[in-house]
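The values are calculated or read from the model by the stated rules, or taken from the named source; none is laboratory data. Being a predicted model, the structure only gives us computed values, none of them experimental. Quick reminder, even Gly has a Cβ in these numbers, built from the backbone with ideal geometry, and neighbours come from all protein chains shown.
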Amino acid sequence: MTTETAPTGAGAPAKPQELSLWGALQANMRDYGLLLALILIMLFFQYFTNGVLFKPVNLTNIILQNSYIIVMALGMLLVIVAGHIDLSVGSVSGFIGALAAMLMIGWKFPPELAFLANPIVAGIICLVVGAIIGAAQGYLIAYHRIPSFIVTLAGMLIFKGLSLAILAGKSVGPFPAEFQLLSAGFIPDIIGPTVVVPDGEGVQGLSLHTTTLVLAIIGIVAMMFFAIRTRARRSSRGHEVEPFSLFVLKNVVIAALILFFSYMLASYRGLPNVLVVMGILIALFVFMTKRMTFGRRIYALGGNVKAAALSGIKTERLTFYVFAIMGALAALAGMIYAARLNSATPKAGQGLELDVIAAVFIGGASALGGVGAVAGAVIGAFIMGVMNNGMSIMGVNIDWQQMIKGVVLLAAVFFDLYNKNKSA
Amino acid sequence: MTKTILEMRNITKTFPGVKALSDVNLDVREGEIHAICGENGAGKSTLMKVLSGVYPHGSYEGQIIYKGEEQHFRSIRDSEHKGIVIIHQELALVPLLSIAENIFLGNEQATAGVIDWDETRDGARKLLSMVGLSEDPDTLVTNIGVGKQQLVEIAKALSKQVQLLILDEPTASLSEKDSAALLALLLEFKSQGITSIIISHKLNEISRIADRVTVIRDGKTIETMDTTDISEDRIITSMVGRSLDDRYPPRTPHVGEVVLEVKNWSVYHPQHRERQIIKNIDITLRRGEVVGIAGLMGAGRTEFAMSLFGKSYGQKITGEVYMHGQKVDVSTVERAVGRGIAYATEDRKTYGLNLIDHVKHNTTIANLTGISRFGVIDDLAETDVANEYRKKTNIRSSSVYQTVGNLSGGNQQKVVLSKWLFANPEVLILDEPTRGIDVGAKYEIYTIINQLAAQGKAILVISSEMPELLGITDRLYVMNEGRIVGEMATSEASQEQIMRSIVRAEGKAS
């Protein structure tokens, strides 16, 4: 018996084929590697923060602190895959936060326009304005071929100035309670808490947010169901499937991770609202980039714009949409940020663009376009977030924190390119 | 008197998968104008790149003996140091620098890094007068025409104390007047003792100024002749003289009704609005027919095809396109593909493929609607399609998940073909479908073309290899300088005849 190292080439396989375990691991090494790096970093800080990192309240905090970065990283991934960059997202998110504050608190509307101050109406207005800002920049980039670096650099300055202007240099807050729920809220426990350890003398009680756990279990079952169904379909139609051992291992590990984190969240206050929003967006963007023609065309555009155009892809319109989506996501991030601080400040959002871009590059996107994954960008954002959090708890000075983050970004990209050159 | 200045002995240069030059010999006498002739892809430019150090010593086999010494040029700088200057087909000037700055680029008139502008301008003026160009040295290069730019290049060469001047297709993009001036200049240099090598396929020019001509074909030297007692026909025979053997699969055409008609098609240069690139072209294609467009480089064949395919080239495009007698709108790539026209590019790396993605994604990208519903891709259907076309076109890759950039040229070309076959066109335009691929892969591509024609597709093949056109087509158009200058049934055509229609057209133009 010889071990099979490469899948055989000739002909469509008649019976379902399993890739070799090693081959399948290699093919997905980057994805798993990144996740592994995140887990190792978390364990590292768990040890050096004397167990603070994995405390339920801290895990919840990490999610809340990084939600707006992740939301923007989703859009930035599309922008970077399309071969562009958006430097304006920090300022745009700050501006939208300011706009939200002025709509809901600052501007006194006449009675017939008072509905504009309603948090939901204001929220929708903010999203639309964000999309329009993105679209305007996208228009200049796509149809007038002004480099995105320049257009969004200008946008960064313009919206930084505009936030200052509409806030008149002051912080505006607090927001209505409904709006604060976006960042500070948790999903209601409709089932009611499960008391594991009742409060007692000298014993801190432990009660779990049951709804969170139930949702997690439903999620895991659904994930398993779809994974098994997809595998069965692939194999019944004669396509290659990953080795069964790897398939089981992968799903069990992921299920265990979800269960662990939802248990942690449940033992604090449950699932934060913003995590629900984020989860839906992440799922949507994964689907869009992996399964939809829209996403596929963005990769084709970033990989070779001339070939994409000659394949009938409307490259200009696609670029335009990508920036419009980025604008809407920057708006959402701006609202999450403002709701979290419970006030809009003139300095809000400044410099966020760099964290967002760093997250996408740590996640394995190529600065030349055409390469990158949503999951990578999300994990990249969490790597940055966990490092921020862990180093803060450890009491590392801000100067060192900056330097260490810079080194991590450089190392991640270096490692990526090194691997690529080695395999080429 | 007849001292040899340069001798290239047994030069062999191999690219991955292709032997570009094998045992080429060239000797050039001091003070002569030596022409190098050959079809596109024969290896002329490669030979000159070996000589000038673009391909450094060690990357080829053989010897270069210049002025009696063996040379090991590692870069252009080395060869220029010895007075060998090459002027490439694509001019190497920086458009937004002045004439004077360009002339002394890399050779600045400076002391300790500080440029002496008076010296620069005076020097430039002197050199410009030598080449007969009366322009202010401060004029930006972008503001003068191609002909004058060519002269600036030559002035730049003179500034480097040139002793052996190499010109690669110097008149390809020049008007007749500019060409004549350039040729006169070369003759004047000759009287000053400067040796020139000129690569050209304009035979009338060669017989006018060259003393000797070396013909290269398929990467081999065929012969070197004195031009005094040689006819253009003799050179043509030497250039193309190979027989059509069984390098082409047998072909039995079943030609049906007219599918595509293009009428009065005109296109202007995308930057220079006044330069007309395509001049009133009419063509027709029939069902099941393979039609070729022959012509030399710069004849406008690619430009014609790309302008037809969704206005992907040029501006001020006029003319009409009919499919099955109905006038159709092909003004965007999407519409052209929708009407059943596909264009497989000559430059697959730049225009044809996403090199960082794999075979599967490249195969389906021109017809994503064919494997998706409501914008959602059916991954399994896509894999099936990719496997099917990989098998059909015989792509040799480890799987459909191999990155296209790592495939050989022939297999990349098959991916391009697969992509357009999956778009299911009625008219397939293949631009240089076998450029840079080996003989075996060529045969496979020809076979695919035959099968497609048998299925009723109309195929337009643009090729610079005349034997290929004669071997695989049913009918031929000959293009020159943006015009159709000849049309013939392939069965009645010969390479000499094609060359003659081109040369005749050139003669008419001058």
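How many residues are of a type in the set (Val, Ile, Thr), part of a strand (DSSP E or B) and without any contact (Cβ under 8 Å) to a residue 12 or more places away in the chain if we restrict to segment A:182-228?
2
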Might you let me know whether segment A:342-363 holds any residue that is within 14 Å of another protein chain (Cβ to nearest Cβ) and buried (at least 24 other Cβ atoms within 10 Å of the Cβ)?
no
Would you mind stating whether A:ALA142 is among the small types (Gly, Ala, Ser) and in contact (Cβ under 8 Å) with a residue 12 or more places away in the chain?
yes
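Can you name the residue in segment B:378-401 that is touching a strand residue (DSSP E or B) at 6+ places or on another chain (Cβ under 8 Å) and either buried (at least 21 other Cβ atoms within 10 Å of the Cβ) or among the acidic types (Asp, Glu) (or both) and is also nearest to A:SER235 (Cα to Cα) among such residues?
B:ASP378
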Could you name every one of the helices (runs of 4 or more DSSP H) located completely within segment A:240-315 that has at least 2 residues being among the small types (Gly, Ala, Ser) and within 13 Å of chain B (Cβ to nearest Cβ)?
A:293-303, A:305-309
Only residues that are touching a Gly at 6+ places or on another chain (Cβ under 7 Å) and farther than 19 Å from B:VAL485 by Cα: list them for segment B:269-305, please.
B:HIS269, B:PRO270, B:ARG286, B:ARG287, B:GLY288
Index of the failed condition, A:LEU36 passing every other in (1) exposed (fewer than 15 other Cβ atoms within 10 Å of the Cβ); (2) modelled with pLDDT of 90 or more:
(2)
Kindly check whether there is at least one residue in segment B:216-228 that is in a strand (DSSP E or B), assigned by TED's automatic domain parsing to the domain that holds B:ALA489 and touching a strand residue (DSSP E or B) at 6+ places or on another chain (Cβ under 8 Å).
no
Candidates A:VAL195, A:VAL241 - the one that is touching a strand residue (DSSP E or B) at 6+ places or on another chain (Cβ under 8 Å), of a type in the set (A, V, I, L, M) and under 30 Å from B:GLU388 (Cα atoms):
A:VAL241
Collect the residues in segment B:406-448 that are among the charged types (D, E, K, R) and either touching a helix residue (DSSP H, G or I) at 6+ places or on another chain (Cβ under 9 Å) or at pLDDT below 90 (or both), keeping them in residue-number order.
B:LYS414, B:LYS419, B:ASP431, B:GLU432, B:ARG435, B:ASP438, B:LYS442, B:GLU444
Matching entry among B:GLN89, B:GLN63 (being assigned to a strand (DSSP E or B) and over 17 Å from B:VAL162 (Cα atoms)):
B:GLN63
Of (1) more than 11 Å from every other protein chain (Cβ to nearest Cβ); (2) surrounded by 17 or more Cβ atoms within 10 Å (Cβ to Cβ), B:VAL416 fails just (1)
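Would you point out which residue out of A:ALA122, A:ALA82, A:ALA73 is modelled with pLDDT of 90 or more, surrounded by 18 or more Cβ atoms within 10 Å (Cβ to Cβ) and more than 30 Å from A:ALA308 (Cβ to Cβ)? Full working, then the answer.
Numbers: A:ALA82 fails: more than 30 Å from A:ALA308 (Cβ to Cβ); A:ALA73 fails: more than 30 Å from A:ALA308 (Cβ to Cβ).
Unique residue meeting the criteria: A:ALA122.
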Quick one: A:SER93 ticks every box in (1) farther than 16 Å from A:VAL71 by Cβ; (2) modelled with pLDDT of 95 or more; (3) of a type in the set (S, T, N, Q) except a single one, so which number is it?
(1)
If B:ARG217 meets every condition in (1) more than 19 Å from B:GLU465 (Cβ to Cβ); (2) surrounded by fewer than 22 Cβ atoms within 10 Å (Cβ to Cβ) apart from one, which number is that one?
(1)
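Yes or no, residue by residue, for (1) part of a loop (DSSP other than H, G, I, E, B); (2) out of contact with any Gly (no Cβ under 6 Å at 6 or more places or on another chain); (3) in contact (Cβ under 8 Å) with a residue 60 or more places away in the chain:
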position	(1), (2), (3)
B:ASP118	no, yes, no
B:SER134	yes, yes, no
B:ASP138	yes, yes, no
B:ILE154	no, yes, yes
B:ALA172	yes, no, yes
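For (1) modelled with pLDDT under 90; (2) touching a His at 6+ places or on another chain (Cβ under 7 Å); (3) among the hydroxyl-bearing types (Ser, Thr, Tyr); (4) under 21 Å from B:LEU186 (Cβ atoms), each residue gets a yes or a no:
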| site | (1), (2), (3), (4) |
| --- | --- |
| B:LYS44 | yes, no, no, yes |
| B:GLY53 | yes, no, no, no |
| B:GLY58 | yes, no, no, no |
| B:GLY68 | yes, no, no, no |
| B:SER75 | yes, no, yes, no |
| B:ILE84 | no, no, no, yes |
| B:HIS88 | yes, no, no, yes |
Among residues belonging to segment B:358-370 that are farther than 24 Å from B:VAL461 by Cβ and facing chain A (nearest Cβ under 9 Å), point out the one that is surrounded by the fewest Cβ atoms within 10 Å (Cβ to Cβ).
B:THR369
